[in-house]
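The values are calculated or read from the model by the stated rules, or taken from the named source; none is laboratory data. Being a predicted model, the structure only gives us computed values, none of them experimental. Using ideal geometry, Cβ is built from the backbone for each residue, glycine included, and neighbour counts are taken over all protein chains shown.
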């Protein structure tokens, strides 16, 4: 479904050049739940960002269903992200000035979806994560676990093919972390959503189908 | 989507109250001043009675008499050639104006030389600047009077609250009748309702009031007065004086605005073809007929070059207005930039979920337009209040400032420009941010 071929990522400043990813080749199959592990600074998030088309590789090719993303212009890439990808971030990245339901509706704003339909889909997504009763709340009124569940609802509301989760349990205690993991597993099993998750937690990684380990920008497993 | 942007714009306003207060103050205060300027402009230059047709009018204010002599200017250059001095002389023939006299026209001059201008549709001659002190019940009233002909009422569309203007018969027979303003009726008779038919005493003459008009709300002394009297009832010395200078002015009405240059040329030619009886005193007679804009400009800049004066006045006001709008806009751009930069992570999230740069640009410009509209509404309310206070306090007694549709339209356009210009640059800048970079370095 998602293929990375010979991906290199180099960060350059005036004085220094850092190789963040070194010749990574990886294929994520449809319906797969893949986890990426490695020490801090090994390039896990960079790899996830490249998979999610929110960062560009310095070299190499990213393709989805056989089509290279390099052929897309920025507008087409944005449209692709909107229709096929969902993101979950470690620090939730909810918009504090918007209510829970307005946050969840966000991906649908950039599609031709009417306001009533948007609201229906957002409520449905919130129900899936067990937060429909908090839809009128604002992010500041929620706990960390609840915020992450809202972020999951936002990621799934547009029914994406792939969810990219960057340490979704990283800011949560173990109980909440397990809850979030259960939701992700359920999404993968019941809806067949492909999930790629970056994590530090070996226990969480073991619950996924496959584990990829990175060390100093290179794939070691 | 717009509802979402609208909600967010209101939230952002509430979040940073200090920024919001400064931002809204900047917008509303600038708009207040602009609306006041447009209201004053509209009151003075707008299409308002009795100067509704002012754009088709040619104003004749002053007559210039000059004594001009030919003047030869010699220039001698010297140089050394072959060890000897050589001289080269040139001369230019110019003119030397040794005497100038500028004043208004005499009654005799306008009726004799300027009563027949073919390119004009209609015209009127009148005499202003007459002031009478009247003592009533131990009160002193100062009454400004204009002596006008019957055509005056055809050119200037005064609103008659009661009665009628005087006719050609009244002017021909020098009938002592008067048209007064309702303000004067109140001051003179104590009541404007039964002034018609009563007599008003000005100087040593008594005039019967036959019409009552609304006070002309303009600073133009062509129409602003307390009482209007038949021109033929002027002091006999003014009527019979055969000199060129007097107290008369005139206005010509063009059938079409395109005829204004023709009228100006014909009037100027007619005046310059008149010979002064004593050429040893003055040997050139001239006038500069002006349109309304030139007339106002000549009051401020240069009476001899009204067209240049008008251009200069427009330039100065244009530049001032530009700066007046530009400075707060630049300030807003700066403030918006820091405000929007605080929301980098939000932009990153929006882009991650499918917003492209154009959508982000649109969102922030929209938000800015909302903020400027709120500022605009506050500015308009303030302007209404200030206009009311100005009218009520009679700081500008000759003008009634109105908050009308034109002013409102100007304000809306200014609001939109403010919002778009001050939001565009910051929005464009943030719309180009890399998603991964802003998400990595920012927390929401």
Only listed residue being without any contact (Cβ under 8 Å) to a residue 12 or more places away in the chain and part of a strand (DSSP E or B), chosen from A:3, A:18, A:27: A:18
Only residues that are in a loop (DSSP other than H, G, I, E, B) and either at the interface with chain B (Cβ under 7 Å from one of its Cβ atoms) or in contact with a strand residue (DSSP E or B) (Cβ under 7 Å, 6 or more places away or on another chain) (or both): list them for the range A:77-122, please. A:89, A:90, A:91, A:93, A:94, A:95, A:96, A:97, A:98, A:110
Only one of these is within 22 Å of residue A:52 (Cβ to Cβ) and surrounded by fewer than 20 Cβ atoms within 10 Å (Cβ to Cβ): A:128, A:148. Name it. A:128
Can you list the helices (runs of 4 or more DSSP H) lying wholly within the range B:140-212 that have 2 or more residues being farther than 30 Å from residue B:253 by Cα, in contact (Cβ under 8 Å) with a residue 40 or more places away in the chain and outside the structural domain of residue B:398 (by TED's automatic domain parsing)? B:182-189
Just give me the residues in the range B:78-111 being surrounded by 12 or more Cβ atoms within 10 Å (Cβ to Cβ) and either outside any strand (DSSP E or B) or touching a helix residue (DSSP H, G or I) at 6+ places or on another chain (Cβ under 7 Å) (or both), in sequence order. B:106, B:107, B:108, B:109, B:110, B:111
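Listed here are the residues, each with its yes/no results for (1) modelled with pLDDT of 85 or more; (2) away from every other protein chain (no Cβ under 14 Å).
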position: B:10; (1), (2): no, no
position: B:32; (1), (2): no, yes
position: B:39; (1), (2): no, yes
position: B:57; (1), (2): yes, yes
position: B:73; (1), (2): no, yes
position: B:95; (1), (2): yes, yes
position: B:109; (1), (2): yes, yes
Assuming residue A:158 fulfils every condition listed in (1) more than 9 Å from every other protein chain (Cβ to nearest Cβ); (2) in contact with a strand residue (DSSP E or B) (Cβ under 7 Å, 6 or more places away or on another chain) apart from one, which condition is it? (1)
Consider residue A:128 against the criteria (1) more than 10 Å from chain B (Cβ to nearest Cβ); (2) in contact (Cβ under 8 Å) with a residue 60 or more places away in the chain: it satisfies all of them except one. Which criterion is unmet? (2)
With within 14 Å of chain A (Cβ to nearest Cβ) and crowded, with 21+ Cβ neighbours inside 10 Å as the only criterion, which of B:360, B:370 stands out? B:360
Free of Cβ contacts under 8 Å to residues at least 40 places away in the same chain and either within 14 Å of chain B (Cβ to nearest Cβ) or out of contact with any helix residue (DSSP H, G or I) (no Cβ under 7 Å at 6 or more places or on another chain) (or both): does that describe residue A:32? no
Tell me yes or no: at least one residue of the range A:41-56 is at the interface with chain B (Cβ under 8 Å from one of its Cβ atoms) and surrounded by fewer than 16 Cβ atoms within 10 Å (Cβ to Cβ). no
